[in-house]
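The values are calculated or read from the model by the stated rules, or taken from the named source; none is laboratory data. Please read all numbers here as calculations on a predicted model, not as lab measurements. Ideal geometry is used to build each Cβ from the backbone, glycine not excepted, and the neighbour counts take in all protein chains shown. The protein model used for the area step is the full one, side chains on, heavy atoms only, and it has no ligands, DNA or RNA in it. Shrake-Rupley method; radii C 1.70, N 1.55, O 1.52, S 1.80 Å.
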Amino acid sequence: MVDVDIEELGTLGGEEDVRAGRLLQAHVQRVGRATLDACVPSNETEGGGGADSGTSSHSGACAATDSFLPGTQRIWVKTFGCSHNSSDSEYMMGQLQEFGFKLVGDEQRDAADLWLINTCTVKSPSQSAMDTLLRKGQQAGKALLVAGCVPQGDRRAAELRGLSLLGVTQIDRVVEAVEETLKGHTVQLLAKKALPRLDLPKVRRNRHIEIIPLSTGCLGACTYCKTKHARGQLGSYDPAALVARAAAAAADPQVREIWLSSEDTGAYGRDIGTSLPQLLRALVDVLPPDGRCMLRLGMTNPPFILEHLAQVAEVLQDPRVFSYLHVPVQSGSDAVLGRMKREYSRAEFERVCDTLLAAVPDMELATDVICGFPGETEEDHAATLSLLAKYRFPHCHISQFYPRPGTPAARMKQLPSEVKKARSREVTAAVDGWADAYSHLVGRTERCCVVDRAADGVHLVAHNKTYAQLLVPAEAPDGSGSLMGCVVEARVTSAGRWSAKAEVLRVLFRPPGDNDDISSSSSDVGQEDSSSNRRGGGAVSSSSPAAAVDSKAAAGKGAAAMASASQSETQPPRPPASTSPAASCCAEGGACDCETGSPAGGQRAARVPSSSCGGGLSGAGAAAAALVEPGGPLPLNSSSSSLSGHGSGDSEMAVAGPGLGAEQSNVSVLSDQSNIFPMARAEASLDQAGAAAAAAHAATRPAGSKPHGAGLGGALLLVALLVGLAGMLASGVLAMMRP
């Protein structure tokens, strides 16, 4: 059985003919019944019967459809997991805010109308936290929409039963999903499709940090990885789109850091005929030459970075790129790495570390370790400790092994929990004991970007060239104001295990204030941050017109560099894959950016307008335009995968309310996994068209006339219009179905 839209019913053949006819007939009946139920006069009025009772109650029945006003509700967004998840949430929030929804922070979540929970399936604790949050939301009677890797990888999970679900490649349909969920419908949009566009509206959690996803998915087959089930095989973004996004972010005077996010940065481009070094060179070319915007590379697994070590080291030496890289090892034992199917040896991991440390001055490496993997012996555990002692990684993310359902490692014989806990504590004690990790910085003068608030609530967090965390005063020494978002020169005065303290000598760059040419709004958003160093949120801003011009010029320069680099490669680039990508080779201990890439609340968040979001109408707005303009087409398919028109004009038309006759129900009206999905979409479209027609009629009513001035005649005219359209549609489809 295949899913089709209502206008495609005539193309079905064989046994589908009978079903198509039944579905079409039932659809026409539902449309007519919903319209009559909404607008037929009632004999009951507040003041009893009378000559005017029919007209008055008719007006009240039709006005009741305005009880749901799309785009006016409050949404709370909670994000678990890595920086890729954070980026997905930022894009979803941007679309929701652009459409008119109000985003609220953690302190206002109880007042929110809907909770949007973006989930992580890497580790059991993250999913357990999601379960707890869902129960609280259900007890509070909140509308719930669950997005991210958990529903995508395990849609049949008991805790998700009866809830609205949004897949990892469906984030560009979040407005659609939120609207239907608020109406009481169950939405399940989990089909894999092409990657969401990078130019969608966006709300940065931290106004000074832009997160750009390079790709989704990976080429690995790690036996412990659950995220692979959700994000699938590698799918890389087109390099031109990435360069354009980076150029736009770099032109924003508020952005200090650009993070490249991926489940495996080193594998970028292998599916589309390009490579990571080509992309990095093009990205660096669009960064400001004064270094006010720094580039941070994302997590990379050893296998695919090995062939690019020399080129990557060259990029890391650029003054506009952080000398920092996250390379997860997971274990120091080749036997354990083999059972994990990590596709590299300890010697190959050491080669990555040795090459980068030798080629890049003050290079800082981060890694991940899983303790207690099935079959791990005391010798294997000792090998991991010896590897960590050799390199003394300043950042090391440690986790005991959690078997994830459905993975090969979950079927292996497990170690006792007390053994896993003991080994995890031993590794943690060793890593915590490297108290001199930043002692070499004391007395040095460092150029830093100030991007966050420190956990102590007193200092601000700045990052130097090696991405070390320096705590600086909140105010400039010359009394010029807050240092947030500034580029400063600071002298390191003391060092601890996880950070160093510094005094600011001078401000090298200060971004314009909120009252200059930077637009911002005050909507804080919640964020799960598993890192010990919370990376605060902030407001994002739109660039000034001049900055926008600069970004276009920079993007052109980067694209030219990309083309030149591509011509020098022996393998010609292929067009981007049209299939949906997806998935992570993340470790249970955080083999992605889980611990290092979660900007979390502290400042204000504001929207980043999309360059393509001021154009066409969609949803109810498009329906209204079709009915207001003579001869306008009636939109039958409301499932556009591109939300490119959620501007203010679109929102004004959308406040016509839900479809005529819309009811609160648990029926899945937007499920791409259900056979009723196409019919429901067509019905929702006609409902939206009817509501929009009513709004257009009200807008053209003469000034001073009463709301019920059209009376029963207007209602019957609307009924006739909808029934007539349905009849014409039925006739056309049945004619097409005849032999």
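Look through Gly291, Gly235 and report the one residue that is touching a Pro at 6+ places or on another chain (Cβ under 8 Å), surrounded by fewer than 24 Cβ atoms within 10 Å (Cβ to Cβ) and at pLDDT below 95.
Within the list Gly291, Gly235, the selection yields Gly291.
For the stretch 109-119, enumerate the residues that are in a helix (DSSP H, G or I) and without any contact (Cβ under 8 Å) to a residue 60 or more places away in the chain.
Within the stretch 109-119, the first condition is being in a helix (DSSP H, G or I), and the residues that meet it are 109-111.
Within the stretch 109-119, Asp110, Ala111 qualify.
Quick one: in the stretch 190-222, which of the residues that are farther than 22 Å from Asp271 by Cα and over 15 Å from the mean Cα position of the chain (by Cα) is least open to solvent (accessible area, probe 1.4 Å)?
Here the residue is His208.
Out of Glu98, Glu179, I need the residue that is open to solvent by 20 Å² or more (accessible area, probe 1.4 Å), touching a residue at least 24 places away in the same chain (Cβ under 8 Å) and touching a Cys at 6+ places or on another chain (Cβ under 8 Å). Which one?
Values: Glu179 fails: touching a Cys at 6+ places or on another chain (Cβ under 8 Å).
Criteria check complete, one pass: Glu98.
Given the options Ala409, Ala455, name the one that is surrounded by 20 or more Cβ atoms within 10 Å (Cβ to Cβ) and not in a strand (DSSP E or B).
It is Ala409.
Condition check: in contact (Cβ under 8 Å) with a residue 12 or more places away in the chain and either surrounded by fewer than 24 Cβ atoms within 10 Å (Cβ to Cβ) or touching a Pro at 6+ places or on another chain (Cβ under 7 Å) (or both). Does Glu90 satisfy that? If you could, list the steps in order and put the result at the bottom.
Numbers: in contact (Cβ under 8 Å) with a residue 12 or more places away in the chain: yes; either surrounded by fewer than 24 Cβ atoms within 10 Å (Cβ to Cβ) or touching a Pro at 6+ places or on another chain (Cβ under 7 Å) (or both): no.
Considered against the rule, which asks whether it is in contact (Cβ under 8 Å) with a residue 12 or more places away in the chain and either surrounded by fewer than 24 Cβ atoms within 10 Å (Cβ to Cβ) or touching a Pro at 6+ places or on another chain (Cβ under 7 Å) (or both), Glu90 comes out as no.
I'd like to know if the stretch 429-443 contains one or more residues that are touching a helix residue (DSSP H, G or I) at 6+ places or on another chain (Cβ under 9 Å) and open to solvent by less than 20 Å² (accessible area, probe 1.4 Å).
yes
Consider Lys465 against the criteria (1) open to solvent by 30 Å² or more (accessible area, probe 1.4 Å); (2) closer than 17 Å to Pro394 by Cα; (3) modelled with pLDDT under 95: it satisfies all of them except one. Which criterion is unmet?
(3)
Find the residue count for the stretch 120-141, including only residues that are open to solvent by less than 40 Å² (accessible area, probe 1.4 Å) and not in a helix (DSSP H, G or I).
The qualifying residues number 4.
Looking only at the stretch 243-255, decide whether some residue is under 22 Å from Ile305 (Cβ atoms), in contact (Cβ under 8 Å) with a residue 40 or more places away in the chain and in contact with a Pro (Cβ under 9 Å, 6 or more places away or on another chain). Step through it out loud before you land on a result.
Residues of the stretch 243-255 that are under 22 Å from Ile305 (Cβ atoms), as a first pass: 243, 246.
From what's left, in contact (Cβ under 8 Å) with a residue 40 or more places away in the chain: 243, 246.
With in contact with a Pro (Cβ under 9 Å, 6 or more places away or on another chain) added as a condition, the list becomes none.
Within the stretch 243-255, not a single residue is under 22 Å from Ile305 (Cβ atoms), in contact (Cβ under 8 Å) with a residue 40 or more places away in the chain and in contact with a Pro (Cβ under 9 Å, 6 or more places away or on another chain).
Are there any pairs, at least 6 apart or on different chains, whose C-beta atoms fall under 6 Å, with the first in the stretch 470-494 and over 25 Å from Asp252 (Cβ atoms) and the second in a strand (DSSP E or B) and polar (S, T, N, Q), and if so, which?
Close Cβ pairs satisfying both conditions: Arg491/Thr445.
Can you name every residue in the stretch 375-391 that is surrounded by fewer than 19 Cβ atoms within 10 Å (Cβ to Cβ) and in contact with a Cys (Cβ under 7 Å, 6 or more places away or on another chain)?
Scanning the stretch 375-391 gives a single hit, Tyr391.
Among what's in the stretch 142-163 and is in a helix (DSSP H, G or I) and open to solvent by 40 Å² or more (accessible area, probe 1.4 Å), pick the residue that is nearest to Ala112 (Cα to Cα).
Initially, the stretch 142-163 is screened for residues in a helix (DSSP H, G or I), giving 149-153, 158-160.
Now narrow it down to the ones that are open to solvent by 40 Å² or more (accessible area, probe 1.4 Å): 158-159.
Numbers: Ala158: 25, Glu159: 21 Å.
If we take residues in the stretch 142-163 being in a helix (DSSP H, G or I) and open to solvent by 40 Å² or more (accessible area, probe 1.4 Å), then Glu159 is nearest to Ala112 (Cα to Cα).
Residues of the stretch 294-308 being within 22 Å of Arg351 (Cα to Cα) and open to solvent by less than 10 Å² (accessible area, probe 1.4 Å), which ones?
Start the filter on the stretch 294-308 by keeping residues that are within 22 Å of Arg351 (Cα to Cα), which leaves 296-308.
Scanning the stretch 294-308 gives Arg296, Leu297, Gly298, Met299, Thr300, Asn301, Pro302, Ile305.
Yes or no: Ala247 out of contact with any strand residue (DSSP E or B) (no Cβ under 6 Å at 6 or more places or on another chain) and open to solvent by 10 Å² or more (accessible area, probe 1.4 Å)? Give the steps one after another, and end with the answer.
Values: out of contact with any strand residue (DSSP E or B) (no Cβ under 6 Å at 6 or more places or on another chain): yes; open to solvent by 10 Å² or more (accessible area, probe 1.4 Å): no.
Criteria not met by Ala247.
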